[in-house]
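Worksheet: one structure, shown below.
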Amino acid sequence: MRASQLLLPTVKEDPAGAEAVSHKLMVRAGLVRQLAAGIYVYLPAGWRVMRKIAAIIREEMDAIGCQEMLMPVINPAEIWQQSGRWDAIHEELFRFKDRKGADMALAMTHEEVVTWLAAREVHSYKQLPQTWYHIQTKERDEARPKSGILRTREFTMKDAYSLDVSLEALQESYRKQIGAYDRIYARCGLDVLMVEGDSGMMGGSVSHEYMAYADAGEDEIVSCRECGYAANVELARAGADREAPAAVELEGEILTPGAHTIAAVSAFFGAPEGAFIKALVIMVESGGSGAGARSGGEAATPAMVLLRGDHDLGELKLRKVLGAEFRLATADEVVAAQGVAPGFVGPVPTPLPVYADEELRRGVYVAGANKPDYHLAGVTLAQVPQAVFADLREARSGDACPQCDGELQGARVIEVGNIFQLGTKYSAPMGATFLDEDGKAQDIVMGSYGIGLARVAAAAVEQHHDANGIAWPAAIAPFEVHLVLVRASDETQAALAEELYAELAAEGFDVLFDDRDVSPGIKFKDADLLGCPAQVVVGKRAAEDVVELKERAGGERRDVPHAGLAAALRELLGR
RNA sequence: CGGGACGUGGCGCAGCCUGGUAGCGCACCUGCUUUGGGAGCAGGGGGUCGGCGGUUCGAAUCCGCCCGUCCCGACCA
């Protein structure tokens, strides 16, 4: 490709409002342009990156026996109604009516279509296992698109779906996907970690997320260096603290005027926040269960959640314990339920159901006295007979590892893929069954496996860049070689550059030839911004048949004779 | 959905408070000079100031409503 003919609109300034490095660089390097909130155009160079990622994914999927197909983005409402997600998912599912007035949806993922297909085409255990996949556009009306390409309303995803006869067979399919995923991310040059995940609206039980380390990431994980335990903080088990915090050496009711936050009582008593009990009154939604239950509306019943003062609530954990959606009670609801305003609420006594974090099994604490401006000292959970104990706190950096005696470390990450053991969540309601050896109908056991291509690209930029721009991993760079002709008006240089361009292309290299008649500074800046792994500069020594070879990532440059260029490039590119 | 901010040539911004000829940098076009890290000089083109309504002799500027975009939170296969 000649730069003189390529749409590669690089810009000097960061786009207004961009925060994430990948967002700034991908716009500046001329890879993407935003059309609307969370909706992007992939320009030629950006699309090349996406195609290279797609090619790697295809190779690895095909290598474990997956079959590529293509499923439609436009879906009839019916299949989403059958799976239950038409009602379970609210604003996030794009919906519209066709000209006949029939309800339609834009697919945000393809379990419904796969299950519909399986229901019609899979009849016998002899046809299983199968794994189907496609690389397709997904549509989600995100509440808050953000960070450039990281969280968008329209995006390209590889999603694969395994169909098996049993849970054991599913686990074998799952293991094969894990192998493929490890190879895909390694080939894309990403440093990732597989962590325990939440199955969220996908349903099912076991799931894992692939997380790429990046400060711009919106997820947080904790991991243990000793034993390798790793999980999303939303879900990570928190190990018991080695020692309980120092208790306040007082008993009974104590006047604490105006101290209605943990920070305030901590300051008032001059004791660490861990010496207090944080009592949250929540409203538990009735009827709703699991993901997507509508909040508000139907009757909600109050309950109390207890945490140590220095701990934060793991909302996902609580939702799982409750088996229902919940929200924090309003001030009025707190008064109605507990007889006192927020800030002085405590568990001794309370008529409400109580859910207490495991850490509170031991220790003596100060809690709200259920009386305005009073706290109660000397509280233990033995005084709260109805308390149900559970792991309710959000894990954080510095916590003890739940599996060994190591320590958990926190990190920000981008979720670049995930895998779920769905089981029969979709096959059962949608009637996707097969006949087993005994002629008995059984629900197909399913798994689903996703990778967001744009997130892989953005994560690669986050992990591989410097002050001058992107430094792409060779396998997913828009081009392998950026051939820079320093002076287009110099006949010797131009002739050599043309010759090299033809030669390298013939050798199978993916070359961008900067043949533009612009000043050298612009060319060098653009080359560093775009970030192709190898730069070949045809300049002053063209008359001697010598060019300069620069490795973008390390910045090393050396002169290479024409004859040795192809070999040097092969070495640099690792092929 | 709650909180905050922004919207002015293609891009990044100033002007708005205190109403009175729409400005800067980059990009773009022409010419000449230049050519190894975003060149110089000269000339030039391009803007219903997000939209609608109001106040006023007069609105980019003040007021109201709406739309769009970004940030924090809620939410998030």
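The values are calculated or read from the model by the stated rules, or taken from the named source; none is laboratory data. Predicted, not measured: the structure shown is a model, and the values here were computed from it. With ideal geometry, Cβ positions are generated from the backbone for all residues, glycine too; neighbour counts draw on all protein chains shown. Note: accessible area is taken over every heavy atom of the protein model, side chains too, but ligands, DNA and RNA are not part of it. Shrake-Rupley method; radii C 1.70, N 1.55, O 1.52, S 1.80 Å.
Scanning segment A:423-454 for residues being open to solvent by 10 Å² or more (accessible area, probe 1.4 Å) and in contact with a Gly (Cβ under 8 Å, 6 or more places away or on another chain) gives a total of 5. Checked against (1) out of contact with any Gly (no Cβ under 6 Å at 6 or more places or on another chain); (2) aliphatic (A, V, I, L, M); (3) more than 14 Å from RNA strand B (Cβ to nearest atom); (4) under 19 Å from A:LEU422 (Cα atoms), A:LEU193 passes all but condition (4). Scanning segment A:76-91 for residues that are among the aliphatic types (A, V, I, L, M) and within 16 Å of RNA strand B (Cβ to nearest atom) yields A:ILE79, A:ALA88, A:ILE89. Filtered by the rule that a residue be aliphatic (A, V, I, L, M) and within 28 Å of A:GLU285 (Cα to Cα), segment A:341-381 gives A:ALA341, A:VAL345, A:VAL348, A:LEU352, A:VAL354, A:ALA356, A:LEU360, A:ALA367, A:ALA369, A:LEU381. Residues in segment A:323-339 that are touching a strand residue (DSSP E or B) at 6+ places or on another chain (Cβ under 7 Å) and under 19 Å from A:ILE262 (Cα atoms): A:LEU328, A:ALA329, A:VAL334, A:GLN338. Residues of segment A:310-347 that are part of a loop (DSSP other than H, G, I, E, B) and within 12 Å of RNA strand B (Cβ to nearest atom): A:ASP312, A:GLY314, A:GLU325.
Does segment A:114-134 contain any residue that is exposed (fewer than 15 other Cβ atoms within 10 Å of the Cβ), more than 14 Å from RNA strand B (Cβ to nearest atom), of a type outside the set (D, E, K, R) and assigned to a helix (DSSP H, G or I)? For segment A:114-134, residues exposed (fewer than 15 other Cβ atoms within 10 Å of the Cβ), more than 14 Å from RNA strand B (Cβ to nearest atom), of a type outside the set (D, E, K, R) and assigned to a helix (DSSP H, G or I): present. Take A:GLN5 and tell me if it is of a type in the set (S, T, N, Q) and free of Cβ contacts under 8 Å to residues at least 60 places away in the same chain. Judged against the criteria, A:GLN5 is a match. If a residue has to be out of contact with any Gly (no Cβ under 9 Å at 6 or more places or on another chain) and either within 14 Å of RNA strand B (Cβ to nearest atom) or not hydrophobic (A, V, I, L, M, F, W, C) (or both) to count, how many in segment A:483-511 make the cut? Looking only at that region, the number is 16. Only one entry in A:ALA467, A:ALA488, A:ALA460, A:ALA505 is surrounded by fewer than 19 Cβ atoms within 10 Å (Cβ to Cβ) and closer than 27 Å to A:LYS24 by Cα, namely A:ALA467. Specify the residue that is farthest from RNA strand B (Cβ to nearest atom); the eligible residues are those in segment A:219-239 that are open to solvent by 70 Å² or more (accessible area, probe 1.4 Å) and not basic (Lys, Arg). The qualifying residue farthest from RNA strand B (Cβ to nearest atom) is A:GLU226.
Of all residues being surrounded by fewer than 19 Cβ atoms within 10 Å (Cβ to Cβ) and more than 7 Å from RNA strand B (Cβ to nearest atom) in segment A:25-38, which is nearest to A:GLN463 (Cα to Cα)? Just the residue, please.
A:ARG33
A single member of A:ILE79, A:ILE56, A:ILE64 is open to solvent by less than 40 Å² (accessible area, probe 1.4 Å), under 21 Å from the mean Cα position of the chain (by Cα) and in contact (Cβ under 8 Å) with a residue 12 or more places away in the chain, and it is A:ILE56.
Is segment A:478-493 home to any residue that is touching a helix residue (DSSP H, G or I) at 6+ places or on another chain (Cβ under 8 Å) and over 17 Å from A:VAL538 (Cα atoms)? Within segment A:478-493, one or more residues are touching a helix residue (DSSP H, G or I) at 6+ places or on another chain (Cβ under 8 Å) and over 17 Å from A:VAL538 (Cα atoms).
Note on segment A:520-575: among residues that are part of a strand (DSSP E or B), under 38 Å from the mean Cα position of the chain (by Cα) and within 8 Å of RNA strand B (Cβ to nearest atom), the one that is farthest from A:TRP472 (Cα to Cα) is A:ARG557.
Within segment A:240-257, if we keep just the residues that are more than 30 Å from A:GLU415 (Cα to Cα) and touching an Asp or Glu at 6+ places or on another chain (Cβ under 7 Å), the residue that is surrounded by the most Cβ atoms within 10 Å (Cβ to Cβ) turns out to be A:THR256.
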